[in-house]
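Report on the structure given below.
Values in this text are rule-based calculations from the coordinates and carry no lab data. Remember, it's a predicted structure, so these values are computed and weren't measured experimentally.
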Amino acid sequence: MKKYEFDIIVIGAGVAGGVFAASQSPDKKILVIERDLTEPDRIIGELMQPGGLKALKELGLSHLTDNIGAQPVNGYRLIKKDENFTIFYDEIE
């Protein structure tokens, strides 16, 4: 049996695990373990906020959102009965 040695082992290839692994020094030997690489059948937790996109850009990882079918989101519309209002991201930053 072949033996492997790693400097870092990351459990989970979600946003945090993937960005952490990709942002490490290239001379580090990193193992990323993910239990399931199939596309999730959900949308909960799949929204990348503007701050997250900015952080990816600063880390040189903005290409990770290319060609994944991502849709731009400019803010939120909150609706409660007859009342509603919109919050645009440029108002938050």
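Some points to look at:
- Listed by chain and number, the lysines whose alpha-carbon sits under 28 Å from that of Lys29, ignoring those within fewer than 8 places in the same chain, are Lys2, Lys3, Lys54, Lys57.
- Interchain or long-range residues, amide H under 5 Å from Gly75's placed H: Tyr89
- Across segment 33-38, computed HN-Hα scalar couplings (Karplus, 6.51 cos²θ - 1.76 cosθ + 1.60, θ = phi - 60°) run 10, 10, 6, 8, 9, 6 Hz from first to last residue, x flagging Gly and Pro.
- Share, in percent, of DSSP beta bridges within the chain that are antiparallel, nearest 5: 60
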